[in-house]
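First the structure, in the form of structure tokens, and then the observations on it.
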Amino acid sequence: MNTSAGIHDLSIATTEYVLEHTRLAAHIGVDPRKFTHGIGQDAMSIPAEDEDIVTMAATAARPILERHGTDGIRTVLLATETGVDESKAAALYLHRLIGLPDNARVIELKQACYSATAALQFAAALTAGDPEHRTLVIAADIARYDTGSAAEATQGAAAAAMLVTADPAILRIEPVSGLYSAHVMDFWRPTYRRTAVVDGKYSVTAYLDAIEHAWNDYHKRAHRELPDFAAFCYHQPFTKMAYKAHRHLLERNGQTPAPEQIEHAIGATTRYNRLVGNSYTASLYLALTALFDHADDLTGKPIALVSYGSGCVAEFLSATVVPGYRRHLRTRANREALSRRTPITYEHYARLARTALPEDGSEYHTPHQTSGPYRFAGITGHIRCYEPRRANLRSAMDADTSAAAQGARP
Ligand code: HMG
């Protein structure tokens, strides 16, 4: 197998609004340190009424297409568990919105928070078969739980888009990975529900158990040890989960880690998720983006990607950081995606949480709320309609794009 496929470009997007955990704590009447220290969350992204996974996916993917064009993109994989249709792939709505190529296969993948990792692996395999083949992988999700439930503090929303090519500019995916899957009912969302059903405490145990199995499978095949990795990106439903996971793996491998050792291995990876919350499939790739945007030089170093999706599937992947990767990052745009959000009150958030689309196909016009480049305009004749907003966004997104535009294609 060709070992040089990997991430050539990486871009993230999130929502118009943000709810700070201090406001949630004040509303529920709990000590805010339960959230800031206990689960490691400061804030969570909340979508406006005219935002959904399609608008987030378009916003994340647009800068990649602006930088690299669509030449060679033969596959588009959109990973989500917040689908907008039971049949049609959400990525097809992006087709006209951001100009996807006609001569490409476009599909949607689902397996809770894991599916973007499957998409990445499928993309790498397609490139291994044909080095000219490029795949646009997009992870986009909105984590929604019932208001008043223990899980309410672990909501969030974001998208991460990646261009997967041969000879990538940022990260080479290594061909060996560790796998684990089992039938567990820790978290799921029946088709008739808008919010997930979750056994919170059990889901934490299921996560730890699954990543341990995936690591054991990887270890048998790759003959690498945990200390060989410069950093670990974990799926982060809340950032404290990454700390629990890393401690668990180290302890199961005979180590007694000091807190500084764990902080060194994962601290930088939590910087965006701490402010975005759970973005399901996108969460691991926000952790990767945060690592690149905040860690010291990682050139040539191996890093671990540890993916978990409830239900459950886990995968332990390794990857190597490509020399010169820093020139291709979008650090300014990524930070702006978070800092541009408008903080909202608990009451505003609760109002948005109660808002539901008509379920009988009647005409619906969505109020104008987002200031992002794309909006979900409403429903007409059972069709979800999306439109570009004439963006006043001459933003860091575009500035970063032009900075790296030269010679971007390997
Ligand atoms: P809870 O019952 O509200 O919280 O639920 P808790 O009472 O267990 O407290 C949480 C932590 O805060 C504890 O720390 C407390 O000690 C601490 P821990 O013992 O865990 O280290 N704490 C405080 N710390 C400082 N000061 C204080 C204070 N008070 C308490 N004053 C739970 C927490 C995560 C279970 C809940 O939010 C939940 O159900 N969330 C959803 C499920 C979830 O995120 N599971 C994660 C693993 S499964 C997964 O990752 C997959 C998923 O992303 C879905 C997918 O795959 O699609 C969810």
Dipole moment magnitude, nearest 20 debye, the chain about Cα centre, only Lys, Arg, Asp, Glu C-beta charged: 460
Global geometry of segment 239-302, whether rounded, prolate or oblate, following the gyration tensor of its Cα atoms and the 1.5 cut on a/c: oblate
With at most 10 other Cβ atoms within 10 Å, longest stretch of the chain clear of loop trypsin sites (Lys or Arg not before Pro) (DSSP): 1-389
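From the mean inverse distance of alpha carbon pairs (Kirkwood) and the Cα radius of gyration, derive Rg over Rh for segment 1-144.
Dividing the radius of gyration by the Kirkwood radius yields 1.06.
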Dimensions (Å) - segment 119-210, Cα atoms, principal axes, largest first: 49, 26, 25
Projected-area average for segment 186-281 over all orientations - Cα convex hull basis, square nanometres: 7.3
In sequence order, calculated HN-Hα J values of segment 44-59 (Karplus, 6.51, -1.76, 1.60; Hz; x Gly/Pro): 9, 6, 10, x, 6, 5, 9, 10, 7, 5, 5, 5, 5, 4, 4, 5
Estimated Rh, segment 172-236: Kirkwood, alpha-carbon pairs, angstrom: 14.1
Which listed pairs, of 34/244; 34/240; 201/244; 201/240; 110/244; 88/110, have C-alpha distances above 20 Å, in listed order: 110/244
Loop-resident sites, segment 315-378, for chymotrypsin sites (Phe, Trp or Tyr not before Pro), counting at most 15 other Cβ within 10 Å (DSSP): none
Kirkwood hydrodynamic radius over Cα pairs of segment 267-322, then Stokes diffusion coefficient at 37 °C and 0.692 mPa s, in µm²/s: 273
For segment 47-128, size of Cβ-based charge dipole, Lys and Arg +1, Asp and Glu -1, in debye: 420
Loop-located GluC sites (Glu not before Pro) in segment 132-225 whose Cβ has at most 15 other Cβ within 10 Å (DSSP): 132, 225
Percent of beta bridges antiparallel (DSSP, the chain, rounded to nearest 5): 75
Net charge contributed by nearby residues that have their C-beta within less than 9 Å of residue 41 (K/R +1, D/E -1): +1
Unit charges at the beta carbon, dipole of the chain: most positive-side option, 95, 320, 116: 320
³J(HN,Hα) computed for each position of segment 117-134 - Karplus, 6.51 cos²θ - 1.76 cosθ + 1.60, integer Hz, glycine/proline x: 6, 4, 4, 4, 5, 4, 4, 5, 5, 5, 5, 4, x, 8, x, 7, 6, 10
Kirkwood estimate for segment 5-398, i.e. one over the average of 1/r between Cα atoms, Å: 20.9
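For segment 31-115, what class follows from the C-alpha gyration tensor (a ≥ b ≥ c being the square roots of its eigenvalues): rounded when a/c is under 1.5, otherwise prolate if a/b is larger than b/c, else oblate? Intermediate values should be presented prior to the final figure.
Values: a/c = 2.42, a/b = 2.01, b/c = 1.21.
Since a/c reaches 1.5 and a/b is larger than b/c, the shape of segment 31-115 is classed as prolate.
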Filtered chymotrypsin sites (Phe, Trp or Tyr not before Pro), segment 123-225: DSSP coil and at most 15 other beta carbons within 10 Å: 192
Gyration tensor verdict on segment 1-57 (Cα atoms; rounded if a/c is under 1.5, prolate if a/b is larger than b/c, oblate otherwise): oblate
Between segment 302-321 and segment 70-88, the alpha-carbon center distance in angstrom: 21
Inter-part distance where segment 214-282 and segment 109-154 are each reduced to a Cα centre, Å: 19
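Bear in mind that the values in this text are calculations on the coordinates, not laboratory data. The structure displayed is predicted, hence computed values, not measured ones. Neighbour counts are summed over all protein chains in view; Cβ atoms, including those assigned to glycine, are modelled from backbone coordinates with ideal geometry.
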